[in-house]
Structures are given as C-alpha cells and as structure tokens.
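Visitor: First the structure, then my questions, so here it is.
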Amino acid sequence: MKSSSVRILGLGAFVPEKVLTNFDLEKMVDTSDEWIRTRTGIQERHIAEPGTAASDLGAKAALEALAQANLKATQIDLIIVATATPDMTFPSTGCVIQQKIGAVCPAFDLSAACSGFVYGLSVAEAYIRSGLHKHILVIGTEITSSFIDWKDRATCVLFGDGAGAAVLGVSDKGPELLGSYLGSDGEQADILKVPAGGSALPLTSENIKEGLQYLKMSGGDVFKIAVRTMDEAIQKICQCAQITPAQIDCLIPHQANLRILQAVADRVKLPIEKVFINVERYGNMSAASTVVALYEAAKFGKLKNGQHVVLVAFGGGLTWGANIIRW
Ligand code: UT7
C-alpha cells in the first residue's frame, strides 16, 4: 500500500468571527431552533462578512498549518484547494492563496463539493508517493453563505463558512496517511447542485430571478445516499488498511447532519463516542468540514499516538471517500 511514509506535518483552521444562531434564523425565515436542532443537530454557524473570499479564510488556515509544520511558505511544492465556492471562475483560489501566503509553487483547485478535502488528501498522497513533490498544502475553504438562498428555510439553516488546511510531507514522524478511497456517481448529480453560473447555464437576469444561482437540494435523497456511501467508504478504507471498522479509534466524518452521523455509526457498529462531532457549532462547511473537525479533534487531545483515525465524506457530484491515518 505504501512506498514512502506520507505524514501530516501541520494543521490549521479558521472560521469567520460572526456567529449566526438558530434564534437569529427564526427572525429571517419560518423555522425554529427546536426544528433545526432536532432535525440536524446544528445550533449555530459562522458566516463571513460581505467582501470576504474563500481565499481569505483559506490563507489564514494555511498559515497556521505552515507554522505548526515549522515550514515557510516557500518550502511548499504544491497547493491543492478544495472548494465549491471559489473566489471566481478563474484564476483558481489556489493561485490567489499562493500569492496571499507568499508561496512559489504550482497551485490548483479541486472540485468535489463536500468531499473535497478527502479527495485532496488522496491527490497529495499520490504525488508524494510518486516522489514528484515533497511538501503539499491541502486546503478546504468555503464561503457557503455565497450560494445560499437566505429565503429558503430548507437549506439556509444547514450551512456555514470556514476553512482548514493540512501540510503533508515525507517524514519519519507524525500522523501517517495510510491510504485513501474515493467514489463518485454522476447519475445523481441533480439531487445536490448549484444550477446556474457555469458554462451549462451562464448567469442571466432571468435565471437570477428564478434563484438558479443558489444551492438546490433534495434533502431526503441526499440523506439516504450519504448514509449508504459513507458506510461503503468506511468499509473499503478499513479493508485497505486491513482493519475492521470496530478497530477505528476515531471517525471524523463530514459534518452535515447529526442524524446522518448517528445512522452511519449504527451501520458500521461504531459507538457514537468514537465519532468526532462539531456540527452543532459550525453547520455544514462543505469542503472545510472534515479538515476543521480533524484540526479540532487533534487540538482537543482526542487523537493518541498509534490510533486509527478515519476521515469520511460525502457531497455533491455525487462524490464520497475516506482516508485512514495512523496517528
Ligand atoms: O453535505 C451534503 C449536503 N447535504 C446533506 O447532507 C443534507 C442531507 N439531508 C438532510 O440533512 C435532511 O434531509 C434535512 C435536514 C435537509 C431535512 O430533514 P428531513 O427530516 O428530511 O425533513 P423534510 O425535508 O422531510 O421536511 C420535513 C418538514 C417539511 O414540512 P412538511 O412538508 O412535512 O409540512 C418541510 O417543509 O419540515 C419542513 N422544513 C422545515 N421546517 C422548519 C424544512 N426545513 C425546515 C426548517 N424549519 N428549516
């Protein structure tokens, strides 16, 4: 499974200061704190001020990860930015972050919606194992508030803004990335998407009037497929590392909905205490979700040397995947 040890050398995270609570949302749409908490587990989320870009959050998270890794930005060989809310169509948010942090290396964006960071770790792993790059910065950053229809109670209560970053590299110490597993199914593209703003449906005053620039989701369908595909990804990544799901010490899932996390834990027969959960404070931060959860699990001392830590995610595309780390 491995030719050289790919390690996590540093982690960083950043969320905007402004907090939007369920009670604030009660004043904006026909909803209640009770509905949001019982259906999703979310209590509050962070929302960026207008004028803030995904690159602003991503750069801050990246600088913290670099400091933790004890590396200068100029020592990074590649920047991969997972985002569904890039600063603009092009240039890539990766290039913008490269300039903001003072790196001198190739940079690109990766589009896998909420699974983006898990995909990004897999790409970085392959580059490092091939010997092509030594130090790679993988960033998940989102201003989800930019594609939310704040009049649609079915979606606006679910999402939040934030960013996380990891520096990966070859080293003989630190948490070791053992392997990754990825899946996708374009047949299900329509159940979770932002219809307008790309080449298929460029923005016009007509489709803006129809609200097609906003996220559209068939929540119930997404829920069911999320549970099934995250279960599958966990089984596959455990096979890859030759362990059983019962041997996972900490599961770090994409934080979309507490009920999804409970259903996944039940399916893989993992006690919920082994699942790291922070959805109540951030909501769904899309590609930033798993990396911010990983950062917090490490910071709060939940991850001990030698433990098996599994990241698992699911998102639009549809996409899903998992990474396994020996801490
Ligand atoms: O990153 C991946 C992206 N997304 C996800 O993973 C989301 C997956 N899906 C979900 O998390 C859940 O399906 C939701 C939280 C979105 C919805 O929960 P649900 O239990 O599936 O509710 P529902 O859509 O079946 O709606 C139940 C009711 C409906 O009213 P009626 O038709 O029963 O009268 C909705 O109109 O709840 C209503 N509703 C709300 N009521 C108060 C929907 N949103 C709200 C709201 N406040 N915010």
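The values are calculated or read from the model by the stated rules, or taken from the named source; none is laboratory data. Please read these numbers as outputs of a predicted model, since none were measured by experiment. Positions of Cβ are generated from backbone atoms using ideal geometry, with glycine treated the same way; all protein chains shown enter the neighbour counts.
Visitor: If you check every pair at least six apart or on different chains, which have Cβ atoms under 7 Å apart with a residue in segment 182-193 that is touching a residue at least 60 places away in the same chain (Cβ under 8 Å) and in the same structural domain as residue 215 (by TED's automatic domain parsing) first and a residue that is of a type in the set (S, T, N, Q) and assigned to a helix (DSSP H, G or I) second?
Guide: From segment 182-193, the pairs are 182/122; 183/229.
Visitor: Considering 61, 67, 73, which residue is away from the ligand (no atom under 16 Å from the Cβ) and touching a Leu at 6+ places or on another chain (Cβ under 7 Å)?
Guide: The match here is 73.
Visitor: Still on this structure, please answer the following. Restricting attention to segment 285-316, and to residues there that are buried (at least 24 other Cβ atoms within 10 Å of the Cβ) and among the polar types (S, T, N, Q), which single residue is farthest from the ligand (Cβ to nearest atom)?
Guide: 290
Visitor: Whether any residue in segment 23-31 is crowded, with 24+ Cβ neighbours inside 10 Å, part of a loop (DSSP other than H, G, I, E, B) and not assigned by TED's automatic domain parsing to the domain that holds residue 310 is what I want to check.
Guide: Within segment 23-31 (the criterion being crowded, with 24+ Cβ neighbours inside 10 Å, part of a loop (DSSP other than H, G, I, E, B) and not assigned by TED's automatic domain parsing to the domain that holds residue 310), the answer is no, since none of the residues qualifies.
Visitor: For segment 104-135, which residues satisfy the criterion of being assigned to a strand (DSSP E or B), out of contact with any Ser or Thr (no Cβ under 6 Å at 6 or more places or on another chain) and either closer than 16 Å to residue 93 by Cβ or polar (S, T, N, Q) (or both)?
Guide: Passing the criteria: 107, 110.
Visitor: What is the residue count in segment 246-267 for residues that are over 21 Å from the mean Cα position of the chain (by Cα) and closer than 17 Å to residue 118 by Cβ?
Guide: 0
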